[in-house]
Amino acid sequence: MSGKATILIVEDQKGFRMIFEDVLVAAGYEVLSAADGERGWEMSKERKPHLVLLDLGLPKIDGFEVLRRIRADAETQNTPVIIFSVMGEQNSVKKAMDLGANDYIVKGFHPPLQILGKVKEQLAPSNP
Amino acid sequence: MGIFRFSDMPLKKKITLIAVVSSSVSLLMACLVFILSESLTFPRVMRQNLSNLAQIIGDNSTAALSFNDSRTAQGLLDTLKANPHILSACLYDLKGQVFARYARPDAPQYWPAVVWEEKSEFSGGSVRIFQPVLSGGDRVGTLYLESDTREMQLRMMDYTLVTVVVGVLAFLISLLVASRLQQRVTGPLQQVVDRMKDIAKGEGDLTKRLEVTGKDEIGEVAEAFNTFVGKLQGVEDMKLDLISVVSHQLKTPVAEINGFIENMMMGLTGELNPKQKTYLDEMRAIGRENYRLITDLLSASKIDRGVVTVDLKPVSTKEVVGLAIRDYEVPLARKGLSLELEGVWEGGMLYADRDKLVEALRNLINNAIKCTDKGSITVRALTEGDMGVIEVADTGIGMDAETMGRLFTKNRVLGKEAHRSGAGLGLYITKNFMKQQNGDITVTSEKGRGTCFKLAVPRFKPGEGGRL
């Protein structure tokens, strides 16, 4: 790992935040977290993480809106975004991918290794 | 055979029968009354007719009587043979002596003694009258006429015949009319019955309502039924909402627990001893099954609420199969099963919802692994006419016809077969997803030999819709 990539987790469920944080920290990333959409958007703009892991169902403003703002802002529009989904919600995955998400993780289905694989894949081109 | 019972008759036969019987009875009554009244008035009419004839003959014979010309009188009476009903006739002079007489050749040659007063009588199938012959108010003799009642009998026979013919015709017409009209009564009723049976069997569409055609009792039944179905639908919606809400509420914690288990197994909480590893392995298996079951419950409730949509696009068989078999290496290896792929790489383009088709195929592969302890699982791609087919065949336990019959229903979840968690709803969901993609899922199986599921979706034909 050359330098510490910063990853922002935007997730309202404390349990999931902890799970992903632990996995990513153990893999050597620096992890930031936000518990609602508004905070998530602010942190994306202020801290400029290398990657955003974004839940869709969030308080205040939802994940779709956060994604829209990230893609609309010149400073953040190239930040890779991986969205969190739950199983059986293919439609929201499709919607988010259309809005410019780079990949998706199905919570409780994709094991940690696969999650790390997806994260590495997104970080690879911009963080050699 | 069984005893005939009116209460077992279909309503349409009852209505027809009632209409035909009542119209026939009333027509018969009318005919009987007519015949009866005819038979009462006819003797009077006959007597009148005979009296009129006597009047004419009497008037014509006054001269012959006055001039004692019996030859002319006889000639006059002989003209009566033109009337076949006249049996005999006799003209008496003032002294009561026979002046001229006539008898039909086949009738008895008998003439009674004169009766002075005017008189008519019916007896022994004939009618007789004595009538004075008057000339300018003075009596010049007496005329006797006897007629048979054959005319009356013939008339009565005619009436009877007409009654029978009219009766039969009326019966047939009323049968025709009744069987047409009963439709208007039993048709809507049959509709109610069919819809009720539909719903009772559990396949009824609760969003449909009966057409209320009138304000009669059937209209009322239809309306009451609609109200009832509306309430039922309310309960059903509530049930689906409840399933949906509960599943959503359950899904996140189960997913979280799974995540924590995964992290522990990854070693994030430190080195695990073998016992801990075994426990976590079991917990992970249970957690995954539960997650799957909850997901299935949500999908089923979406299907039942009619909020499932498909996104049909051209997709290659290769891509679908590739995505579906991705995660099964480990479970296959664990059971020592081999996965065979046939025809997949040359398989053509399909027109389907990629994710739903992949999900369906994953479901089938998952089931096949569960039900197979040794041998292989074959994923085969082929084409059948306009349809692209993907088969999943195993060498597992197979199943009997009864199980196969209930395979694609929701009922299995509630039945005895709900022993394996998550085994219940997958195929019900798959069936619905396949139908939504204009395809289908079918199964063939033999107990002890294995099972073959077949997914079929339309093949993609460039130029006919689709985005290429």
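Would any residue of region B:10-35 have its amide N under 19 Å from a label point 7 Å out along Cα→Cβ of B:A224? List them or say none.
Zone members listed by number: B:11.
Please name whichever of B:V389, B:V45, A:V93 sits farthest to the positive end of the charge dipole of the protein assembly as shown, dipole taken about the Cα centre and charges placed at Cβ: Lys and Arg +1, Asp and Glu -1.
B:V389
Between the DSSP loop rule and a limit of at most 10 other Cβ atoms within 10 Å, which GluC sites (Glu not before Pro) in region B:168-237 are left?
Sites meeting the loop and neighbour criteria: B:E203, B:E211.
Suppose R0 equals 25 Å. What FRET efficiency, 1/(1 + (r/R0)^6) with r the Cβ-Cβ distance, do B:N68 and B:E121 give to the nearest 0.05?
Efficiency for this residue pair is about 0.25.
Applying 1/(1 + (r/R0)^6) with R0 = 41 Å to the Cβ-Cβ distance of B:V168 and B:T79, what FRET efficiency is obtained, to the nearest 0.05?
Once rounded, the FRET efficiency stands at 0.45.
For B:V246 and B:V98, compute 0.36 nm times the residue count separating them, minus their Cα-Cα distance, and round to one decimal in nm.
41.1 nm
Relative contact order for region B:34-163 using alpha-carbon pairs under 8 Å, separation at least 6, rounded to a whole percent?
27
When the Cα atoms of region B:105-159 are enclosed in a convex hull and the volume is divided per residue, what value in Å³ results?
Details: hull volume 7.1 nm³, N = 55.
Normalising the Cα hull of region B:105-159 by residue number yields 129 Å³.
Which entries in the list B:K201/B:K239; B:K12/B:K239; A:K95/B:K461; B:K356/B:K410; B:K201/B:K374 go over 30 Å, if you measure between the two C-alpha atoms of each?
B:K12/B:K239; B:K201/B:K374
Where the convex hull is taken over the Cα atoms of region B:217-302, what is its projected area averaged over directions, in nm²?
6.8
Taking one equal scatterer on every alpha-carbon of region B:38-189, how large is log10 of I(q)/I(0) by Debye at q = 0.09, 0.11, 0.14 1/Å?
Log10 of I(q)/I(0), two decimals: -0.41, -0.52, -0.71.
Quick one: pull the percentage of alpha-carbon pairs in chain A with a separation above 19 Å.
41
Which loop chymotrypsin sites (Phe, Trp or Tyr not before Pro) in region B:328-404, with loop taken from DSSP, have no more than 15 other Cβ atoms within 10 angstrom of their Cβ?
Details: sites: B:Y328, B:W345, B:Y351; in loops: B:W345.
Sparse-neighbourhood loop chymotrypsin sites (Phe, Trp or Tyr not before Pro): B:W345.
Tell me the Kirkwood hydrodynamic radius of region B:311-458 in angstroms, computed as one over the mean inverse distance between distinct C-alpha pairs. Could you put the intermediate results ahead of the total?
On the way: mean 1/r = 0.0650 Å⁻¹.
One decimal place: 15.4 Å for the Kirkwood radius.
B:Q190 to B:T160: FRET efficiency via 1/(1 + (r/R0)^6), r the Cβ-Cβ distance, R0 41 Å, to the nearest 0.05?
0.45
Counting only C-alpha contacts under 8 Å and six or more residues apart, can you give the relative contact order of region B:217-302 as a whole percent?
43
So what's region B:177-229 giving for Cα Rg divided by 2.2 N^0.38 Å, two decimals?
1.18
Taking B:K95 as the anchor, which lysines have their alpha carbon closer than 23 Å to its alpha carbon, excluding any fewer than eight residues away along the same chain?
B:K119
A:A34's amide H: which non-local residues (gap 5+, or another chain) put their own amide H closer than 5 Å, with H modeled 1.01 Å from N in plane and none for Pro or chain starts?
The answer is A:I9, A:V10, A:E11.
Test of the criteria: in region B:241-332, which GluC sites (Glu not before Pro) are in a DSSP loop and have at most 16 other Cβ atoms within 10 angstrom of their Cβ?
Values: sites: B:E256, B:E262, B:E271, B:E282, B:E289, B:E319, B:E329; in loops: B:E271.
Loop-located and lightly packed - B:E271.
Could you give me the ³J(HN,Hα) list for region A:60-69, computed from phi with Karplus coefficients 6.51, -1.76, 1.60 and θ = phi - 60°, whole Hz, x at Gly and Pro?
Those phi angles translate into 6, 10, 7, x, 4, 5, 4, 4, 4, 5 Hz.
May I ask for the equivalent-ellipsoid semi-axes of region B:285-377, computed as the square root of five times each C-alpha gyration tensor eigenvalue and listed largest first in whole Å?
Here the semi-axes work out to 24, 22, 9 Å.
For chain A, calculate the relative contact order in percent as a whole number, restricting contacts to Cα pairs under 8 Å that are 6 or more residues apart.
Over chain A, the number comes to 22 percent.
Restricting attention to the alpha-carbon atoms of chain B, what are Rg (one decimal) and Dmax (integer), both in Å?
Cα only, chain B: 49.6, 162 Å (Rg, Dmax).
So if I place +1 on the C-beta of Lys and Arg and -1 on the C-beta of Asp and Glu, and nothing else carries charge, what would the dipole magnitude of the protein assembly as shown be about its Cα centre? I want it in debye, nearest 20. Walk me through the numbers before you get to the answer.
Working: 74 positive and 74 negative charges, 109 e Å.
Dipole size: approximately 520 debye.
For the protein assembly as shown, report the translational diffusion coefficient in µm²/s to the nearest whole number, using Stokes-Einstein at 10 °C, 1.306 mPa s, and a Kirkwood Rh over Cα pairs. List each step's numbers first, then the result.
Details: Rh = 33.8 Å.
The calculation lands on 47 µm²/s.
No lab work stands behind these numbers, since they all come straight from the coordinates. Computed from a predicted structure; not experimentally measured. As a convention, Cβ positions derive from the backbone with ideal geometry for all residues, glycine included, and neighbour counts pool all protein chains shown.
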